[in-house]
Amino acid sequence: MNDTPGWASPGSAPSGEEKPDSSGTPQPADQGGANQPEQPSKWSKAQPPPGQWSAPGTPGPGQAPPPAPPAPGWGGQRPGGQGGGQSGWGGPGYGGSPGWGGTWGGPPRAAKPGVIPLRPLGVGEILDGAVSTMRTYWRTVLGISLTVAVVTQLAVILLQGFVLDNNADTEALKDPSATVGELSRALGSTLLSSGLVLLITLLATIVATALLTSVTSRAVLGKPVTTSEAWRDARPQLPKLLGLTLLLPLIAVLIIGVGTLPGLLVVVTGSGDAGAALAALGGLAGGIVALWLMIRFSLASPALMLEKQSVTKSMSRSSKLVRGSWWRVFGIQLIATIIANILASLILIPFAVIAAALSGDGFAGFLDSTGGDVGWTFLIVSGIGSVIGSMLTFPITAGVTVLLYIDQRIRREALDLDLARAAGLQDYGTTPGS
């Protein structure tokens, strides 16, 4: 019995009808005994001579062999198919109508109501979906990214210009004759200033990620969203997202600290070289464990935003989605990070060169400077470059994370069916005629 719907194998005959024997002579399907009365023949009297025709599929003398059967598969186009007109059968239609074909292609393309097709995605499709979201809804996406980047850079420039640039303690880092107390104060001031800049940047990243997550999730359905709508959806989850964003690095630091602790204890006991080597190995092992956990929890942010989960439940949700796909998730996240950093560098480096050239000390002075020894010209010009870079990299990193989360749910939970219904494709995933 053939499993392919809608057609039967060539040469098959219905049960109960005459079938040719191996010599080619037609025989009744059921033969009784010799005493049974002869039934009137249903064959025409004008029959070809025996032995001059063969079973189906065998070419006779002087006949060309029949064409090869079509390769299994699906393909072609017909109006009304899923995903913008795709059909289950390809090639010229039987009887002049579409629907049957002599040549078949691959599986039918899935519906694509938004920026991605509703099926498991490849790496290129995830990256293309993030870029397509930025290109299709550029007013909302770039508006969010630009606003967050401008506010962030203004805060950083004011902090560096009024606080960090006037901090004389940082001069001790360049003084070989500085005392231990001066170096400690200078190091503390540097760490404090770097921490403040990092905190501002972290808060900006959280806000941008939350808003762009809402935009990307709507873009998958082909539905636009305004900035105010994205803010209304994301605002209740911002405190939880802040807690998640602070918790994950803290976990990584604690794991690395635990790995280096035995080596540090050995150093304290007096074995400096052995302790340093042990601390390095422990730190490396802790870093590997921390990286493994960070990838396992890398989808917690979209789970928290889109499923309205708590911090711990979103981490557990991410762990379940990534399980069995760690290397794939790691590779896609790594590619997206590399692309974003390259794009940011291509924008930041020219602005840094221009800023150094316009500043009083020149570019060489910028390379030799440490701490807050930069002027307003450099801060403003380099800040403009940072704004442009952030405006383009925020949508890529946030979009890839959201689309990777959606892709993992499609693979594991058939989320494409729910997405299709949400997009208004009522018959998506149903068998025709059922």
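Observations on the structure shown:
- Residue match in the stretch 236-251 (condition: of a type outside the set (Gly, Ala, Ser) and closer than 26 Å to residue 421 by Cβ): yes
- Members of the stretch 112-145 found to be in a helix (DSSP H, G or I), among the small types (Gly, Ala, Ser) and buried (at least 21 other Cβ atoms within 10 Å of the Cβ), listed by number: 129, 130, 145
- Of all residues in the stretch 210-232, those satisfying the criterion of being in contact (Cβ under 8 Å) with a residue 40 or more places away in the chain, polar (S, T, N, Q) and surrounded by fewer than 23 Cβ atoms within 10 Å (Cβ to Cβ) are 226, 227.
- Residue 222 satisfies every condition listed in (1) at pLDDT 90 or above; (2) within 30 Å of residue 117 (Cα to Cα); (3) in a helix (DSSP H, G or I) except (3).
- Some residue of the stretch 201-224 being more than 20 Å from residue 400 (Cβ to Cβ) and touching a helix residue (DSSP H, G or I) at 6+ places or on another chain (Cβ under 6 Å): no
- When residues of the stretch 146-155 are limited to those that are buried (at least 22 other Cβ atoms within 10 Å of the Cβ) and aliphatic (A, V, I, L, M), the one nearest to residue 215 (Cα to Cα): 148
The rows are residues; the columns are (1) at negative phi; (2) assigned to a helix (DSSP H, G or I); (3) modelled with pLDDT under 90; (4) not β-branched (Val, Ile, Thr).
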position	(1), (2), (3), (4)
320	yes, yes, no, yes
327	yes, yes, no, yes
337	yes, yes, no, no
342	yes, yes, no, no
363	yes, yes, yes, yes
372	yes, no, yes, yes
388	yes, yes, no, no
404	yes, yes, no, yes
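- Residue 294 vs. criteria crowded, with 18+ Cβ neighbours inside 10 Å, in contact (Cβ under 8 Å) with a residue 12 or more places away in the chain and among the aliphatic types (A, V, I, L, M): no
- Residue match in the stretch 308-315 (condition: small (Gly, Ala, Ser), free of Cβ contacts under 8 Å to residues at least 60 places away in the same chain, surrounded by fewer than 19 Cβ atoms within 10 Å (Cβ to Cβ) and closer than 26 Å to residue 215 by Cα): no
- Residue selected from the stretch 246-278 under the condition closer than 23 Å to residue 301 by Cα and out of contact with any helix residue (DSSP H, G or I) (no Cβ under 6 Å at 6 or more places or on another chain), by the criterion surrounded by the most Cβ atoms within 10 Å (Cβ to Cβ): 248
- Residues in the stretch 141-159 that are more than 21 Å from the chain's Cα centre (by Cα) and polar (S, T, N, Q): 147, 152, 153.
The values are calculated or read from the model by the stated rules, or taken from the named source; none is laboratory data. Worth saying up front: this structure is predicted, and the values here are computed from it rather than measured. Neighbour counts are summed over all protein chains in view; Cβ atoms, including those assigned to glycine, are modelled from backbone coordinates with ideal geometry.
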